[in-house]
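The values are calculated or read from the model by the stated rules, or taken from the named source; none is laboratory data. As the structure is a computational prediction, the values presented were derived from the model and not from experiment. Because the Cβ atoms are built from the backbone with ideal geometry, glycine has one as well, and the counts that use them run over all protein chains shown. Please note that ligands, DNA and RNA were not included when accessible areas were found on the heavy atoms of the full protein model with its side chains. Shrake-Rupley method; radii C 1.70, N 1.55, O 1.52, S 1.80 Å.
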Amino acid sequence: MTDADPAAAGQPAETDLRGLFGQSSAAFAALAGPTHVVETANLAFRGMLGEQRDPTGVALADLVPELAGQSLDRVYRTGEASTDRDVRVVLGTGPSAREAFFDFTFEPRRDAGGDVTGTHVIGVETTQVKHAQQLMAEHRGLLEQIARQAPLAEVLDGMARCIESLAPQEVLVSVLLADPDGRHLRHGAAPSLPDFYNQAIDGIATGEGVGSCGTAAHRRQPVIVTDIATDPFWADFRDLAGQAGLAACWSTPILARDGGLLGTFAMYHRTPRVAQDVDLALARVFAGTAALAIERHHIEQAKAAAEARATAAHDELAAAVRAERELRAEAEQRAAVAAELTAQMRAAAATQAAKPHPERCQLGGARGCTAPAELKVADSWGDPAWGCSAHVEEAILNVRSVFIASEELGGLAAYLNR
C-alpha cells in the first residue's frame with residue numbers, strides 16, 4: 001500500500017469530498033497511512049479540536065486519542081467502512097476542556113489501483129442529544145420523587161448526585177435553602193462537599209460580595225466565579241475554599257413562582273473554569289426543579305401546620321363542650337340538691353316552729369346574727385343549735401356532719417339512724 005499521490009487519478013474524488021464537507025457542520029478529515037496522519041480537514045473538524053495550530057501533518061492519535069485504535073486500524077486493514085456511535089471525546093485542554101459525543105463514520109481511501117492508502121473520518125456531534133436523553137431520564141425520576149412527596153432532603157440529595165453524574169467534568173453540587181426572612185442561607189444538600197465546609201457556610205448571610213451564593217441570592221441573578229483565588233466576592237471565604245479544594249463556583253438563585261427567594265444552587269469545580277452552555281443549561285433546569293421541590297415542601301409544611309392547628313382547635317372545642325356539659329350537669333345536680341334541701345328545711349321549719357327555741361340565730365359565729373331562729377341542726381356528736389334559714393343552709397352545705405335535727409330523736413340518734 002502507498003500513500004495517496006496528489007497527481008493520482010483519485011484526486012478529483014478527494015477534491016469533491018473537500019468541497020462537500022468544507023463548510024459542513026459535520027467534522028471531516030482525510031487521513032493518510034497506517035498512523036492516520038491528517039492530510040486535510042474542514043473547519044468543523046478544526047473547530048472540534050479547539051486547537052490554534054494546523055492539524056495537518058499530525059497523527060490523529062495525538063489530536064484525538066479516543067479515535068485512534070481499533071476502528072481506524074480495522075478500516076485501514078480491511079478496506080471496509082465502519083461506524084462508531086456515541087463516542088466520548090474530550091475536546092480542548094485546561095479550563096476550556098469539555099466532554100462531547102460523536103457518531104463517527106470511517107471510510108477507506110483508495111488509490112487508482114484500489115489499494116487502501118488512508119481513511120476518511122466523518123463526525124457528527126451528538127452531545128446535546130446524549131445529554132438531553134440523560135437529562136430527561138434523570139429529570140423524570142426527580143419529578144416522580146416530588147410527586148410522591150419524598151422528603152425534601154432526599155430529593156435535593158438525589159438532584160445533586162444526578163447533576164454530578166451528568167456534568168461534562170467533575171462538579172460538586174450544593175443547594176442552600178433560604179430562611180423565611182430571606183436573609184440567611186441554610187444547608188440543604190451537598191453530598192460531595194466536605195462536612196467542615198458545609199458547616200462553615202450553613203447560615204451565611206445574603207448580600208453583595210458574600211461569596212457566589214450570598215451574592216446570587218441578593219441579586220436574584222446567577223453569579224459565575226471562574227477563579228475563587230482572585231475573585232473579590234470570595235475574600236472572606238477564600239481560605240475556606242482552599243482547604244476544601246475548590247477553585248470555581250457558579251451559583252444560581254432558586255426562585256419561587258412569585259419571585260421570592262427559596263435558596264441557591266451552586267456548582268463547584270476543583271480548577272478554575274469558564275461556564276459552558278451545557279453547564280448553564282443544567283443550572284437553569286435543576287434550579288427550576290429545586291424550586292418545585294422546595295415549594296412543594298413548603299406547601300406540605302403549611303398543610304401539616306394547618307391540620308395540626310385544626311386538630312388542636314377541634315380538641316380544645318371538644319374539651320370545652322365536655323367541660324360545659326359537666327358544669328351543666330353539676331349545676332343541675334346542685335339545683336336539684338338545693339331544691340330538695342329547701343323543701344326539707346321548709347318542712348322542718350314548719351315542724352319545729354312550735355318547739356321552744358331561742359329568739360335569734362346562734363350560727364352567726366363571732367360576728368353574730370340578728371335573724372330569727374327558725375331551724376334546729378345538729379352534728380354527728382349530737383350538739384344542736386338553732387339558726388336562721390341562711391346560716392342553716394350554709395352549715396349543711398359546708399360542714400359534712402351537720403344535719404337538720406329531729407327533736408324527738410335528740411339529734412344524734414336521728415343522725416345515726418338516718
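Can you check what the net charge comes to around residue 130, using other residues whose Cβ is under 14 Å from the Cβ of residue 130 (Lys, Arg +1; Asp, Glu -1)?
With Lys, Arg at +1 and Asp, Glu at -1, the net is -3.
In whole Hz, with x marking every Gly and Pro, tabulate ³J(HN,Hα) for the range 80-86 from phi via Karplus 6.51 cos²θ - 1.76 cosθ + 1.60, θ = phi - 60°.
Rounded to whole hertz, the list is 10, 5, 8, 10, 10, 10, 6.
About the Cα centre of the range 201-265, what is the dipole size in debye to 20, counting +1 per Lys and Arg Cβ and -1 per Asp and Glu Cβ, all else neutral?
My answer is approximately 240 debye.
In Å², what does the accessible area per residue of the chain work out to with a 1.4 Å probe?
Values: 22580 Å² over 418 residues.
Per residue, the chain has 54 Å² of solvent-accessible surface.
If I model a spin label at residue 35 and residue 143 as a point 7 Å from the Cα along the Cα→Cβ vector, what separation in nanometres do I get?
5.3
Of 172, 331, 282, which is farthest on the positive side of the dipole of the chain, counting Cα position, with +1 on Lys and Arg Cβ, -1 on Asp and Glu Cβ, and the Cα centre as origin?
331
If you roll a 1.4 angstrom probe over the protein chains with everything in place, what fraction of the accessible area of the range 119-252 belongs to carbon and sulfur, to the nearest %?
Its accessible area is 49 percent carbon and sulfur atoms.
Can you work out the FRET efficiency for the pair residue 281 and residue 85, with r the C-beta to C-beta distance and R0 = 22 Å, to the nearest 0.05? Walk me through the numbers before you get to the answer.
Values: r = 23 Å, r/R0 = 1.04.
Computed FRET efficiency for residue 281 and residue 85: 0.45.
Once phi is turned into ³J(HN,Hα) by the Karplus curve 6.51 cos²θ - 1.76 cosθ + 1.60 with θ = phi - 60°, what whole-Hz value does each residue of the range 102-110 show in order, with x for glycine and proline?
My calculation for the range 102-110 gives 9, 9, 10, 10, 10, 10, x, 9, 10 Hz in order.
Ignoring ligands and nucleic acids, what accessible area does residue 386 show with a 1.4 Å probe (Å², nearest 10)?
20
Full-extension gain between residue 154 and residue 298, please, as 0.36 nm times their residue separation minus the C-alpha to C-alpha distance.
Fully extending the segment from residue 154 to residue 298 adds 50.3 nm.
Taking only Cα atoms and a 10 Å spring cutoff, compute GNM fluctuations for the chain and point out the largest among 312, 302, 217.
Of 312, 302, 217, the Gaussian network model singles out 312 as fluctuating most.
May I ask you to rank 193, 135 by accessible area, largest first, using a 1.4 Å probe over the protein chains only?
Correct descending sequence by accessible area is 135, 193.
Top mean-square fluctuation among 223, 37, 175, Gaussian network model of the chain, C-alpha springs under 10 Å?
Its mean-square fluctuation being the largest, the pick is 37.
Between 406, 251, 192, where does the largest GNM mean-square fluctuation fall for the chain, given springs only between Cα atoms within less than 10 Å?
406
Of 192, 213, 399, whose Cα points farthest to the positive end of the dipole of the chain (charges on the beta-carbon: +1 Lys, Arg; -1 Asp, Glu; origin at the Cα centre)?
So the residue we want is 399.
Would you calculate, for the chain, the mean residue ellipticity at 222 nm contributed by helices, counting each DSSP H stretch of 4 or more residues as -39,500 (n - 2.57) and dividing by all residues, to the nearest 500?
-14000 deg cm²/dmol
Skipping prolines and chain starts, which residues have an amide H placed within reach, meaning under 5 Å, of the one on residue 117, given they are 5 or more residues away or on another chain?
Close amide H contacts, sequence-distant or interchain: 109, 110, 111.
Relative to the Cα centre, what is the charge dipole magnitude of the chain, using +1 at the beta carbon of each Lys and Arg, -1 at the beta carbon of each Asp and Glu, and rounding to the nearest 20 debye?
About 1360 debye.
Can you tell me the 0 to 90 degree angle between the C-alpha axis of helix 152-166 and the longest principal axis of the chain, rounded to 10?
0
With all pairs of different alpha carbon atoms counted, what Kirkwood hydrodynamic radius in Å does the chain show? Please list the in-between numbers first.
On the way: mean 1/r = 0.0334 Å⁻¹.
Roughly 29.9 Å, rounded to one decimal.
By how many degrees, between 0 and 90 and to the nearest 10, does the Cα long axis of helix 127-147 differ from the longest principal axis of the chain?
In the chain, helix 127-147 runs at an angle near 10 degrees to the longest axis.
Within the range 294-402, what whole-number % of the accessible surface is contributed by carbon and sulfur, with the 1.4 Å probe and all protein chains included in the calculation?
Here it works out to 55 percent.
Could you tell me the calculated FRET efficiency between residue 347 and residue 381, based on Cβ-Cβ distance and R0 = 25 angstrom, to the nearest 0.05?
E between residue 347 and residue 381, to the nearest 0.05, is 0.55.
Which residue, 90, 69, 252, has the largest displacement toward the positive end of the dipole of the chain when charges sit on each Cβ (Lys, Arg +1; Asp, Glu -1)?
Positive-end residue among those listed: 252.
Please turn the phi angles of the range 302-317 into ³J(HN,Hα) values with the Karplus equation 6.51 cos²θ - 1.76 cosθ + 1.60 (θ = phi - 60°), one per residue in order, whole Hz, x for glycine and proline.
5, 5, 5, 5, 5, 5, 5, 5, 5, 5, 5, 5, 5, 5, 5, 5
Need the list of aspartates and glutamates near residue 376 for cross-linking: C-alpha distance under 17 angstrom, and skip anything on the same chain fewer than eight residues off.
359, 393, 394, 407, 408
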